Amino acid sequence: MSLVVGVGASRGVPVEEVLGVIEDALREAGLSARGVAELATVDARRGEPGVIGAALRLGVPLVTYSAVELAAVPVPNPSDAPAAALGTPSVAEAAALAGGGELLVPKRKSALRDGRPGRATCAVVRRDGSGQHQHEGHVDCHAH
């Protein structure tokens, strides 16, 4: 079994916020970060330092999909915000589900302690352990 974490993020979101929402989601689902095989997001966020930093700290590749690819993925929690900003009604759930698998953690949004709205989302999918990717995403970075 491997886990894929789909990540949505506003521009400028810090790596700590991205990692925080991922770690909270995994912990609450009884999952370990060691099971994460990849992070996935929309290609418009491929250069976002907070998203790249999260992939590097987790030691996994960052796989990106076009907004068109993500818009074609059925998701349980579509949203108007990414649809207006990026052209897809879902980033976190769609990116996680793009390669197939079972949605274990639906989209959740980061929560900031100071009351400001969170700027990162994540969703977690379990894929079988075949090691064969079922997607056409683009791998953007690997941790060293």
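The values are calculated or read from the model by the stated rules, or taken from the named source; none is laboratory data. Just so we're clear, the structure is a prediction, and the values are computed from it rather than from any experiment. Heads up, the Cβs are rebuilt from the backbone with ideal geometry, glycines too, and the neighbour counts pull from every protein chain shown.
Of all residues in region 54-63, those that are touching a helix residue (DSSP H, G or I) at 6+ places or on another chain (Cβ under 7 Å) and within 17 Å of Ala95 (Cβ to Cβ) total 4. Inside region 1-36, residues that are in contact with a helix residue (DSSP H, G or I) (Cβ under 8 Å, 6 or more places away or on another chain), part of a loop (DSSP other than H, G, I, E, B), under 13 Å from Leu104 (Cβ atoms) and without any contact (Cβ under 8 Å) to a residue 60 or more places away in the chain make up a count of 1.
Output the residues belonging to region 6-36 that are small (Gly, Ala, Ser) and surrounded by 16 or more Cβ atoms within 10 Å (Cβ to Cβ). Result: Gly6, Gly8, Ala9, Ser10, Gly20, Ala25, Ala33.
Within the group Val68, Val124, which residue is of a type in the set (Val, Ile, Thr), over 16 Å from Ile22 (Cα atoms) and either touching a His at 6+ places or on another chain (Cβ under 7 Å) or not in a loop (DSSP other than H, G, I, E, B) (or both)?
Val68
Selection of region 37-62 for residues being more than 11 Å from the chain's Cα centre (by Cα) and assigned to a strand (DSSP E or B) yields only Ala37. Set side by side, the residues Ala44, Ala85 differ, and just one is surrounded by fewer than 17 Cβ atoms within 10 Å (Cβ to Cβ) and either among the polar types (S, T, N, Q) or under 16 Å from Gly12 (Cα atoms) (or both), which is Ala85. Under the condition of being within 14 Å of the chain's Cα centre (by Cα) and among the small types (Gly, Ala, Ser), the residues counted in region 63-94 number 5.
Report, by residue number, each residue of region 37-66 that is closer than 20 Å to Met1 by Cα and either free of Cβ contacts under 8 Å to residues at least 12 places away in the same chain or of a type outside the set (A, V, I, L, M) (or both). If the condition is that a residue be closer than 20 Å to Met1 by Cα and either free of Cβ contacts under 8 Å to residues at least 12 places away in the same chain or of a type outside the set (A, V, I, L, M) (or both), then Glu38, Gly59, Pro61 are the ones that fit. Quick check on region 49-75: of everything there that is of a type outside the set (Ser, Thr, Tyr) and more than 24 Å from Leu31 (Cβ to Cβ), which residue is surrounded by the fewest Cβ atoms within 10 Å (Cβ to Cβ)? Result: Val68. No other residue among Leu39, Leu103, Leu3 is under 13 Å from Val125 (Cα atoms), surrounded by fewer than 19 Cβ atoms within 10 Å (Cβ to Cβ) and hydrophobic (A, V, I, L, M, F, W, C) apart from Leu103.
Considering region 109-144, the residues that are among the β-branched types (Val, Ile, Thr) and at pLDDT 80 or above include one that is surrounded by the fewest Cβ atoms within 10 Å (Cβ to Cβ), namely Val125.
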